[in-house]
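The values are calculated or read from the model by the stated rules, or taken from the named source; none is laboratory data. The shown structure was predicted, so the numbers you read here are calculated from the model rather than taken from an experiment. Ideal geometry is used to build each Cβ from the backbone, glycine not excepted, and the neighbour counts take in all protein chains shown.
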Amino acid sequence: MRRTPALLVALTELVVAGLGLTLAHHAQRAPLPARAAVRDALRDPLTRRAVTGAGWTRATASPVDSTLERVSFFSGGRIVAQVAVSRDGTVS
């Protein structure tokens, strides 16, 4: 019968720890909207030249950190080009 209070305390600690970790987790915030990142990437002459002959079918954007957005150009399931776009639209 003494195991029940110990088990209850252990379960309570696990629930509190899990809740704390859930509340502490912060999702990465995109430095600019995905459409703007893709648009800025396509306005860059080097990027446009790289993807023109690649036959890309779609582009995705995902945050790298608080200042950079990664833009990936795909041809089917294969990445054909990838660039980083900063908050001000500069491509690197």
*Return the total of residues in region 5-60 being modelled with pLDDT under 70, more than 23 Å from the chain's Cα centre (by Cα) and polar (S, T, N, Q).*
0
*Mind listing whichever residues of region 25-72 are farther than 13 Å from Ala84 by Cα, touching a strand residue (DSSP E or B) at 6+ places or on another chain (Cβ under 6 Å) and either polar (S, T, N, Q) or assigned to a loop (DSSP other than H, G, I, E, B) (or both)?*
Gln28, Ala54, Gly55, Trp56, Thr57
*Does region 45-61 hold any residues that are closer than 19 Å to Pro33 by Cα and surrounded by 13 or more Cβ atoms within 10 Å (Cβ to Cβ), and which are they?*
Thr47, Ala59, Thr60, Ala61
*Among what's in region 76-89 and is free of Cβ contacts under 8 Å to residues at least 12 places away in the same chain and outside any strand (DSSP E or B), pick the residue that is nearest to Leu46 (Cα to Cα).*
Asp88
